[in-house]
Amino acid sequence: MMRDDSVSELDLQKRNIGVEGGMLLAYLVPVMGVLTVTNLLGNQLDAESAKMLTEVAKQKGISLCGIRRDQTAADFCNKRLQPPDAILLASDLSQAVVTGALTSVKLRGNTLGDEGWGAIFAAICGNKDSKIMSLDSGNRLGDEGWGAIFAAICGNKDSKIMSLGAASENISPAGVKLITEALRTSVTGALTLTNLLGNQLDAKSAKMLAEVAKQKGISLCGIRRDQTAADFSSQDRNPRDAILLASDLSQAIVTGALTSVDLGGNTLGDEGWGAIFAAICGNKDSKIMSLDAASENISPAGVKLITEALRTSVTGALTLTNLLGNQLDAKSAKMLAEVAKQKGISLCGIRRDQTTAVFFGKGLQPPDAILLASDLSQAVVTGGLTKMSLANNKLGEEGTKAICEALEQNKTLKELDISGSFYGGSNIGGSAGVKHVAKMLGVNGGLTALNLSSNRLDDEGVSAVCKAIQNNKETKLASLNFENNGISPVGANAVTAMVAVTGGLTSLDLSSNQLCGLDYHHRGTYTAVGITAIADALRVNGGLTKLSLARNHLEEEGTKAICEALEQNTTLKELDIRGSNIGGSAGAKHVAKMVNLDGYALPIKKLKGTEPVESLDLSRKGLGVASAIVIASLIGVNGALKSIDLSSNQLTNYSEDMMGIKELAAALGANGVLTSVDLSNNQLCGVWTDYRGQHGTYTAEGITAIADAMRVNGALTKIE
């Protein structure tokens, strides 16, 4: 068959052909007149027999690797090819008649060796008619191998290879020296893109590469010239990689189209981030508009470099950065803020068209607050911002001072949340920080909503805030949240004085305080002085539409004072007194006339029967003990209602108070019309289970009361 002139293609790959067989083939191939394609890859050749074959193949224009003449792509990935196979591949790649149509070749996952790769690149680069534009290696070629490859490409003035990926190839400074020299002496203008990130460079070799790349207009990071976005996030890049990235970012010819770059989640270090900022800011043609460097462990030393880059910036494109969550101190933060104000740059990632900014629970510290204050002080940066949450952070007194000083001038922000954590403590530095809040509120004419909950303000802090609001004729504050701030009857009096004269205030939250002298655990001495003062203010206030007094242990006296005041107040629409121990059935009589309880509007007329219905669904309404007491006082005399669903509420306040259930049981005992009642998921026995496990302490108090009611009720047919 080997002498058959009709054979044009011959596949002999992986036939275990050895050295002698290879030599014999070298003798026979020339006499096969029409043979143009054979495949001898994967055999047991040595270098001598492989070279003997290639010498004949080049004379006859024959492919030794199975590449057809019209083929545009060749994939040899993971074929277990060895250095002798590389010699055969080099033969094919060196011949325009064999691989003239080929534009890409993949050789990843083989062990071709340094000489093999050198031969392949030499073949491509030495073929002036080669159309191969991309070569995917993915091998560990070593320093000499990569040096030879770069030298081959760069030494061929007719080479058409435009890009070469050598990322994460374990190239050391010795290899970089060879590559740098190849690039420096390059005679080809085709190679404009390489990727050398993720290798074993040191700072000296990285800078050596960067210097040559800038001279030649070459990308060292795989960024195409028409690329608009580059994502290098979370790729384990280090300070040496940052030097290469900075080289690319400093060249308009390389990254002139780039508008965004993501470098987050790496370990670029202070010098690396300094170099990146310097590159972008020093490139007058840069189109990069934003750079996120939040939580990148940048220290004051890095901030010094970044500040200098921003100060000397010649680009007008970069207007947005994010440097929150780093290791700044107050001095470095103020240094940054000063330059940012001069340049009109956001330091906190706030876009110019942004209306809402949420930084809830970001672990922000006082230096971060200084950066935020810089943004808030600039109309060009935050002129569109109307709502900001800084809740559940640790801004401290110094940070709160910076924020508040900015807000003394800011007229556009409408809603601000600087609440702390219910159990984790103050966000603003407690009573020390609230002084700055009060000072700001004394002059600010823009804010309409302020959340100061869980900040340990105590009576002194609350009094300072209320006095500032009271004395500010320009205030537009409509919503104020004082939840969980340790407010006693003394602080309640200060709130009263403010409420009495502030007609613009429509929503006030005083929940989880000690307005009647008792804390959440009933510690302290009960007094109705503070709650009575609030009730008196409600008689004359015509602005409030929403008031929360939840979890304040009002008892009957306090409940009565509030309810009687509301008989004269026609503007309040929502009153939340859930978990406030309203004084049992005696207190319930005072609240039964109100339309809103526990934050939900009870259908009083339907419950009472004056607007008769046979069925009511009040499940999942967040109803508490107070609601249970009111419902009990109404359904006892309802002659129309047959079914009521009260499931999935908090009728026992998570087993804290069984009074509401006992009152409902008493009503069921007296009502002879109801046939169906659903009380499921209300912790009737004091125990409940959620995703964290079982909670509470078992008690039969509530369920016993219901059992007693069932003994005397003859109408009930279903109870859950």
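Derivation of every value follows stated rules applied to the coordinates shown; laboratory data play no part. These numbers were taken from a predicted model, which means no experiment stands behind them. Cβ coordinates were reconstructed from backbone atoms using ideal geometry, including for glycine residues, and neighbour counts include every protein chain displayed.
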* Computed E for VAL443/VAL613 - FRET, C-beta separation, R0 56 angstrom, nearest 0.05 -> 0.55
* Order these peptides, 173-180, 68-75, by their mean beta-carbon neighbour count within 10 angstrom, highest first. => 173-180, 68-75
* To do: Give, rounded to the nearest 20 debye, the magnitude of the charge dipole that the chain has about its Cα centre when Lys and Arg contribute +1 at Cβ and Asp and Glu contribute -1 at Cβ.
  => 1320
* To do: Would you mind computing, in nm to one decimal, how far apart the modelled labels at ASN297 and ALA586 are, each placed 7 Å from Cα along Cα→Cβ?
  => 6.4
* Structure fact -> Of the residues GLY686, LEU634, ASN671, the Cα lying farthest along the dipole of region 608-719 towards its positive end, which is defined by charges on the beta carbon of Lys, Arg, Asp and Glu, belongs to ASN671
* Among 279-291, 360-372, 696-708, what's the highest-first ranking by average C-beta atoms within 10 angstrom per residue? -> 360-372, 279-291, 696-708
* How about region 601-632: which trypsin sites (Lys or Arg not before Pro) there lie in a loop by DSSP and see at most 15 other Cβ atoms within 10 Å? -> ARG620
* Asked: What is the list of residues in region 203-217 whose amide nitrogen lies under 19 Å from a point 7 angstrom out from the Cα of LYS177, following Cα to Cβ?
  -> 203-213
* Find how much the distance from GLU308 to ASP236 grows on full extension, using 0.36 nm per residue of separation minus their present alpha carbon separation; answer in nm with one decimal. => 23.3 nm
* To do: Kindly provide the trypsin sites (Lys or Arg not before Pro) of region 473-550 that DSSP labels as loop, not H, G, I, E or B, and whose Cβ sees at most 16 other Cβ atoms within 10 Å.
  => LYS473, LYS476, ARG523
* Structure fact -> Between LYS334 and LYS284, the FRET efficiency computed from the C-beta separation at R0 = 30 Å comes out, to the nearest 0.05, as 0.60
* By the gyration tensor of its Cα atoms, with a ≥ b ≥ c the square roots of the eigenvalues, what is the shape of region 376-418: rounded for a/c under 1.5, prolate for a/b over b/c, or oblate? -> oblate
* To do: State, to one decimal in nm, how far the label point of SER676 lies from the label point of ARG692, with both points 7 Å from Cα in the Cβ direction.
  => 3.6
* Structure fact -> Most exposed to least, judged by fewest other Cβ atoms within 10 Å, HIS695, HIS553 sort to HIS695, HIS553
* Asked: For region 608-719, what is the convex hull (Cα atoms) projected area averaged across all directions, in square nanometres?
  -> 6.5
* Asked: Put a dot 7 Å past each Cα toward the Cβ at GLN409 and ASP708; how far apart are the dots in nm?
  -> 6.9
